[in-house]
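What follows is a single structure, written as structure tokens, with notes after it.
The values are calculated or read from the model by the stated rules, or taken from the named source; none is laboratory data. Not measured: the values here are computed from a predicted model. Here the Cβ positions follow ideal geometry from the backbone for every residue, glycine too, while neighbour counts run over all protein chains shown. Protein only, heavy atoms only, side chains kept; ligands, DNA and RNA dropped before computing areas. Shrake-Rupley method; radii C 1.70, N 1.55, O 1.52, S 1.80 Å.
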Amino acid sequence: MINLENQYGSIEISQEYFSNLVGKAATECFGVAGMISSRAEGIAAALQGNRNRLDQGVRVRTAGEQLVIDLHIAVLYGVNIAVVVKSIVNKVRYTVEQATNLEVAKVNVFVDAMKTEGN
């Protein structure tokens, strides 16, 4: 649960809501093959070709009155990782700020696996 206090009172938003919101925004970006729950599980999932849930690999925490978001993703082989990450950061920040009216201080993206188109 994310708890924030402001001049209007207390704001509580569930971790599940954020995880699904952020996961959906991230997976809609070009070059993202899916979400990864951890580095070790990401390697195993990539090798096994497991389908990913949107809420995997998302951690949202507060820093003062701002949010810090950590994402663990798998990218498609051959894409420009820097461009994909920049796209994710922009889309996730915009989506979260529009949906919640809360400021995102930082979006950290960790690329834990690469997948080919067929996997």
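A quick yes/no check of all residues on (1) assigned to a helix (DSSP H, G or I); (2) modelled with pLDDT of 85 or more; (3) under 11 Å from the mean Cα position of the chain (by Cα); (4) basic (Lys, Arg):
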position: 34; (1), (2), (3), (4): no, yes, yes, no
position: 40; (1), (2), (3), (4): yes, no, no, no
position: 43; (1), (2), (3), (4): yes, no, no, no
position: 51; (1), (2), (3), (4): no, no, no, yes
position: 55; (1), (2), (3), (4): no, no, yes, no
position: 68; (1), (2), (3), (4): no, yes, yes, no
position: 78; (1), (2), (3), (4): no, yes, no, no
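With the structure loaded, tell me whether residue 94 is aromatic (Phe, Trp, Tyr), assigned to a helix (DSSP H, G or I) and at pLDDT 90 or above or whether it fails that test.
In short, yes.
If you check every pair at least six apart or on different chains, which have Cβ atoms under 6 Å apart with a residue in region 1-15 that is within 12 Å of residue 59 (Cα to Cα) first and a residue that is open to solvent by 90 Å² or more (accessible area, probe 1.4 Å) and assigned to a loop (DSSP other than H, G, I, E, B) second?
If the second residue must be open to solvent by 90 Å² or more (accessible area, probe 1.4 Å) and assigned to a loop (DSSP other than H, G, I, E, B), the pairs left are 14/1.
Consider residue 108 carefully, then state whether it is in a strand (DSSP E or B), among the polar types (S, T, N, Q) and either open to solvent by less than 20 Å² (accessible area, probe 1.4 Å) or over 16 Å from residue 15 (Cα atoms) (or both).
Details: in a strand (DSSP E or B): yes; among the polar types (S, T, N, Q): yes; either open to solvent by less than 20 Å² (accessible area, probe 1.4 Å) or over 16 Å from residue 15 (Cα atoms) (or both): yes.
Judged against the criteria, residue 108 is a match.
With the checklist (1) within 15 Å of residue 2 (Cβ to Cβ); (2) surrounded by 14 or more Cβ atoms within 10 Å (Cβ to Cβ) in hand, flag the one item residue 101 doesn't pass.
Status for residue 101: all satisfied but (2).
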